[in-house]
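Inspection log for the structure reproduced underneath, given as structure tokens.
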Amino acid sequence: MRVGLLPREGGGTYRFVILFLATIGILISSLPVIVVTIMSFSASEYSSFPPTEFSLRWYVEVLQLFTSEDPSSAQSVVDSTFTSLLVAFLVMVISTLVCIPLAYALARSNRNLREGMELLFTLPLVFPLVMLGIAFLLIAESLQFDLGIWRIAIPHIALVLPFVLRNCLSAMNGISVEIEEAAISLGASPLRAIWDVVIPLMKAGILAGLIFALIISFNEFTVTFFMYTIDLSTLPIWMYSRTVSSLDPATLALSVFIIVVDVFLVVLVDKLIAGRGNLF
Amino acid sequence: MVTNTHLNIEAVSKSFGPVTALTQIDLKIERGSFVCLLGPSGCGKTTLLRIIAGFEKPTKGRLLLDGADISDIPPHKRGFGMVFQSLALFPHMSVAQNIAYGLKLRKASAKEQRERVEELLTVIELPDIADRAVSALSGGQRQRVAIARALAIKPKLFLLDEPLSALDAKLRDNMQIELRRLQQKFGVTTVLVTHDQTEAMMLADELVVLDHGKVQQAATPTSVYRQPANSLVADFIGAANLVRTRVGENGRLVLFGNTVEMAVDHDPGTAVNVAVRAENISLRSAQADQEAAGRVVFARDLGAFKEWLVSFEDQEIRVRGSASDEIEFQVGDLVTLTVDPARISVFAAS
Ligand SMILES: Nc1ncnc2c1ncn2[C@@H]1O[C@H](COP(=O)(O)OP(=O)(O)OP(=O)(O)O)[C@@H](O)[C@H]1O
Ligand SMILES: [Mg+2]
């Protein structure tokens, strides 16, 4: 006999409650996406919901924004997109390079140290983002030299580290010391054993961490809002600046594109974490 | 005289902080022999094996391989094959890749690797599984692959830590025979850790009984079984009874109420422990008024043999009789116990 999680008698009420909650949850989380997607197909200049006529004109406008020079704004959408991608790439690579050895060391160290360090790296998650932005701004302004792109990349690294570390740590969990020792007993130096055995087995966790870092950095707004300059801003900042005075439906079309890419990446992460997917 | 000592463990001690795992281990392991380290859980078997493999450094003492000190050689340069309790096969590699891993590290050519893998798969009688994923193997097959992987590098020493403990009884029995056959075929000096004394008796040329971090006895299985060196060994090996008794006034042993015709080198009147195996005790029916009788408190017929628990004075004695024995004893029967003096060992009571 199958034992259900929910009692069968009176299951009607339970099931109703669960369905109701699920519907509310899905609505709340997907409503913005639905609204933005519908609006991006609107034919009208005025952003009122629901739109009365539909067209692809905003998508055409986005294409034009990307292809034609726009001398009016200091930072064009092309520059912002490039900065965003470069920052996201740097954040992704650096946070992973930091977290793989860190996760290895923590997983092989004693429990207390491991839990303490995990807590330490989780702190950026609990700080209010505005405060974090102010803090990074103060630090950056007090420096005597120009940080360049690192002005935005460093705060992003702080923000993504907990996610990347967690993924790497849980990937390390299943890798026993014995399997490393087996490689060593067969003649591999300790470093070689890590390269041949530990890293391949961590692969899914590493990839999940990489994609998390990419998405979080690419979409980050609050902290970046404090850090951006006239010469250096990201796509979310550009989109905000386009909509702050009046809503520009072209940004909605752009958002839809970003959402599609993000969803694809999230599904990929989900597959990787469940251990089913395999990128290479 | 040319000694044939392959590995010489000299006065090795190991402590983990306040915990002493091994004290003063001295062992000589003969070339080509099969040595079993046997002892109860926590006695330091794994620690000793890991010291031999180089994964732990001894706190004191040293290891000599063919007379050369190897204490400072790191584990990956020792060239010892090891089979771990968890087997530790590489799950992201195929069976062939697992077996060839050590050869790849030794920069063997692709052809050499392929031939050696083929040879080993034939030896372990699984010629068709080279391209299978490790996860697609049964427990027994994994076991064989782990053994083949360790043997592929032609190890100087073959080390195994309870490799069969995860298998069910029948498979374990088959693998023991297999293991012994492989070891003899390759003639490799082997050290196997186990807490299963049947397994140790079956496999070993030399049995090393460890307890409390010390070598209690190192001898052939038969002599460990027949002449246990002390009551710890006697207690651990086989289904032995340890009977508390004393030496009589005439210097003879008193056992189960009778004087045993056997000289003992303990003073008259001292308390001693006597180790006597269940199968070396025989029972006879006793009269109700007979002194020195015990009472059967448990009886069972296991097919191959019969077993009784006899309450004698305040001790319970396990007695085993062959299935062909005519006499049946029931719970509650009064019995006398007799033993063959040649089959008992006497130790001073601790
Ligand atoms: N890394 C370690 N740190 C601290 N103590 C340890 C360590 N490894 C082993 N010990 C201790 O050393 C003693 C011997 O351990 P060992 O693992 O050698 O026992 P064992 O005979 O293999 O036992 P089992 O049959 O349960 O595997 C134990 O008391 C154990 O707690
Ligand atoms: Mg052990």
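Tabulated data for the structure shown
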| quantity | calculated |
| --- | --- |
| Output for the range B:39-54, where each listed residue is near ligand 1 (Cβ under 10 Å from one of its atoms) and under 18 Å from B:Met82 (Cα atoms) | B:Gly44, B:Lys45, B:Thr46, B:Thr47, B:Leu48, B:Leu49, B:Arg50, B:Ile51 |
| Check on A:Ile94, farther than 22 Å from A:Gly174 by Cβ and either of a type outside the set (D, E, K, R) or touching a Lys or Arg at 6+ places or on another chain (Cβ under 6 Å) (or both) | yes |
| Options B:Val264, B:Val319; residue that is over 18 Å from B:Ala348 (Cα atoms) and touching a residue at least 24 places away in the same chain (Cβ under 8 Å) | B:Val319 |
| Those residues of the range A:252-276 which are farther than 30 Å from A:Arg242 by Cβ and either open to solvent by less than 20 Å² (accessible area, probe 1.4 Å) or modelled with pLDDT of 85 or more (or both), in sequence order | A:Leu272 |
| Breaking point among (1) among the hydrophobic types (A, V, I, L, M, F, W, C); (2) within 16 Å of B:Leu337 (Cβ to Cβ); (3) without any contact (Cβ under 8 Å) to a residue 24 or more places away in the chain, for B:Ala304 | (2) |
| Residue match in the range B:113-122 (condition: of a type in the set (A, V, I, L, M, F, W, C) and more than 14 Å from chain A (Cβ to nearest Cβ)) | yes |
| Hits in the range A:197-212 - residues which are surrounded by 21 or more Cβ atoms within 10 Å (Cβ to Cβ) and either closer than 23 Å to B:Leu49 by Cα or facing another protein chain (nearest Cβ under 10 Å) (or both) | A:Val197 |
| Total residues in the range B:190-236, condition touching a residue at least 60 places away in the same chain (Cβ under 8 Å), of a type in the set (Val, Ile, Thr) and farther than 24 Å from B:Ser86 by Cβ | 2 |
| Verdict on A:Thr224 being free of Cβ contacts under 8 Å to residues at least 60 places away in the same chain, in contact with a helix residue (DSSP H, G or I) (Cβ under 9 Å, 6 or more places away or on another chain) and crowded, with 20+ Cβ neighbours inside 10 Å | no |
| Some residue of the range B:72-91 being away from chain A (no Cβ under 13 Å), more than 22 Å from the chain's Cα centre (by Cα) and modelled with pLDDT under 95 | yes |
| Within the range A:54-152, helices (runs of 4 or more DSSP H) holding 3 or more residues that are at pLDDT 85 or above, touching a Leu at 6+ places or on another chain (Cβ under 7 Å) and open to solvent by less than 40 Å² (accessible area, probe 1.4 Å) | A:77-107 |
| Filter pass, B:Ala88 being of a type in the set (A, V, I, L, M, F, W, C), within 16 Å of ligand 2 (Cβ to nearest atom) and in contact with an Asp or Glu (Cβ under 9 Å, 6 or more places away or on another chain) | yes |
| Residue tally, condition surrounded by fewer than 19 Cβ atoms within 10 Å (Cβ to Cβ) and either of a type in the set (Val, Ile, Thr) or under 26 Å from B:Leu7 (Cβ atoms) (or both), over the range B:80-103 | 2 |
| Number of positions in the range B:297-319 that are closer than 19 Å to B:Phe256 by Cα and not acidic (Asp, Glu) | 11 |
| Residues of the range B:324-350 that turn out to be of a type in the set (A, V, I, L, M, F, W, C) and open to solvent by 50 Å² or more (accessible area, probe 1.4 Å), as a count | 4 |
| Enumeration of residues in the range A:169-182 that are at the interface with another protein chain (Cβ under 7 Å from one of its Cβ atoms) and of a type outside the set (D, E, K, R) | A:Ser176, A:Ile179, A:Ala182 |
| Residues within the range B:36-69 that are more than 16 Å from ligand 2 (Cβ to nearest atom) and either within 14 Å of chain A (Cβ to nearest Cβ) or surrounded by 17 or more Cβ atoms within 10 Å (Cβ to Cβ) (or both), tallied | 5 |
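The values are calculated or read from the model by the stated rules, or taken from the named source; none is laboratory data. Everything numeric here is computed off the predicted structure, so don't read it as measured data. Counting neighbours? That spans all protein chains shown, and the Cβs are built from the backbone with ideal geometry, glycine included. These area figures cover heavy atoms from the full protein model, side chains too; ligands, DNA and RNA do not enter into them. Shrake-Rupley method; radii C 1.70, N 1.55, O 1.52, S 1.80 Å.
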